[in-house]
Every structure is written in C-alpha cells, then in structure tokens.
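Reviewing the structure listed below.
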Amino acid sequence: MNPAIAGRPDILGDRTSLTLYDGMDGMLENTFMNVKNRSKTITAELEIPKGGADGVILTQGGRFGGWCLYMKDGKPVYTYNYFGLERFTVAASSAVPAGAATVVLDFVYDGKKKDDVGKGGKVTISVDGKTVAQGRVGKTQPLIFSADETADVGLDNQTPVAKDIGVGRDATRFTGKIKKITLDVK
C-alpha cells in the first residue's frame, strides 16, 4: 500500500517537491506526493480578501483518514485525521489580514529510522514568516489514507478530513485566491 515501505517504485519517484495550483483536485494517492512516515512543508501563496478567507487550501484523504490545511474564520488550521478515530488539530488564534499572504505548514516527523512508521510529529503554522500556531500530531497513518479519496487544492472533493469545514465542493471551497502551493517532503 505504501511504495516507500514496500520498496517498489511510485509515479513521482525520488521527487521531494511538488508545485500545485488552484483547480487541481481528484488526485489519487498513487499519483500524489507520498507524505507518509516523513516530514513535510506546505507553502501556500495566497490572496486574502477583505473580510477574511475560509475553506480548504490543500487536503489529502477523507473521513477515514488524511490531513487538511485550511482556513476557518480567517485563521489557518491543520487537522490530521487518524483513521477517522482521532483528529489532531492545530489552529492559529488570529485571522490572516487581507492582502497577499504566505501560509506555511511545517510538519516534523518523529521517526528517526526508515522503519519508524506511524509516528507523530510537531506542527508549526506560520504566516509571512511569523509563527502563529504550534502543536502535535500524536500518530499518523503509516500505509494508506484511502483507496478512493483524493488530494485536492482549494476544496475537499469528497468526504471531509476535518469536521468543521462542511461537506462537498461548495462548502469547502477556498474563498480567497490560491496563487501557488509548494509541497516539500524530507
């Protein structure tokens, strides 16, 4: 289920960076960057409208497992959904002001060896270089998020990863503008 653990090739090979744009959705797990059992950084270049933005910036998975970087009440939030059994959420306490903004999610995985699977990690969210939230994900899914849920930019295409963002394309659509997202793995 996880090519990195099984020792088989995957479509993205040894790439460690992926650039994404608004409108890219429905990306199945085997065609998206493998973020399991490793650290990741998501850098989202956004335009926030007056009154703030809400909705999904980038997500992967769904109701029974995955992760989501989104805005709720204008504040950046990260939720990791562990098999639909437990959710770990890290949220900023203040809204991102209107205008151009760079939101960065940094997840530092606890595993130190190749066979350290399913470990947790430290989450840091920053806006324009300033840390706005920190927290922990207690554990992660080591093998697969879903056979049919997808990775999506600017919305959550199917069942939601996070409980507080609504359900469906219209309810989860990002209300600001996504200029570009860069996903880096380590």
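The values are calculated or read from the model by the stated rules, or taken from the named source; none is laboratory data. The structure presented is a predicted model; accordingly, all values stated were derived computationally and were not measured. Here the Cβ is made from the backbone with ideal geometry for all residues, glycine too, and neighbour counts use every protein chain on show. Accessible surface is based on the protein model in full, side chains and every heavy atom, while ligands, DNA and RNA are left aside. Shrake-Rupley method; radii C 1.70, N 1.55, O 1.52, S 1.80 Å.
Observations
- Neighbourhood net charge (14 Å Cβ-Cβ; Lys/Arg +1, Asp/Glu -1) for Gln158: -4
- Full extension of the segment from Arg87 to Val108, taken as 0.36 nm per residue of separation minus the current Cα-Cα distance, would add 5.8 nm.
- Given Lys112/Lys179; Lys40/Lys163; Lys119/Lys180; Lys50/Lys112; Lys139/Lys180, the pairs whose alpha carbons are separated by over 32 Å: Lys112/Lys179; Lys50/Lys112
- With the convex hull drawn around the C-alpha atoms of the chain, the volume per residue stands at 100 Å³.
- Among Gly13, Gly120, Gly55, residue whose mean-square fluctuation peaks in a GNM of the chain (springs only between Cα atoms under 10 Å): Gly13
- Computed label-point distance, nm, for sites Thr19 and Thr31 using a 7 Å Cα→Cβ extension: 2.0 nm
- Normalised contact order of the chain, rounded percent, pairs of Cα under 8 Å and 6 or more residues apart: 34 percent
- Sulfur and carbon atoms: percent of accessible area, segment 67-153 [1.4 Å]: 50 percent
- Summary of the geometry: segment 110-186 and segment 16-38, compared by the centres of their Cα atoms, lie 11 Å apart.
- Cα Rg, Dmax (largest Cα-Cα span) when computed across segment 62-150, Å: 14.0, 44
- Neighbourhood charge, 11 Å Cβ-Cβ cut-off, centred on Leu143 and excluding it, Lys, Arg +1 and Asp, Glu -1: 0
- Calculated FRET efficiency for the pair Asp73/Asp170, C-beta based, R₀ 25 Å, to 0.05: 0.90
- Helix-only arithmetic for the chain: the sum of -39500 (n - 2.57) across DSSP H runs with n ≥ 4, divided by the residue total, places the mean residue ellipticity at 222 nm at -500 deg cm²/dmol.
- Unit charges at the beta carbon, dipole of segment 50-186: most positive-side option, Thr172, Gly111, Phe64: Gly111
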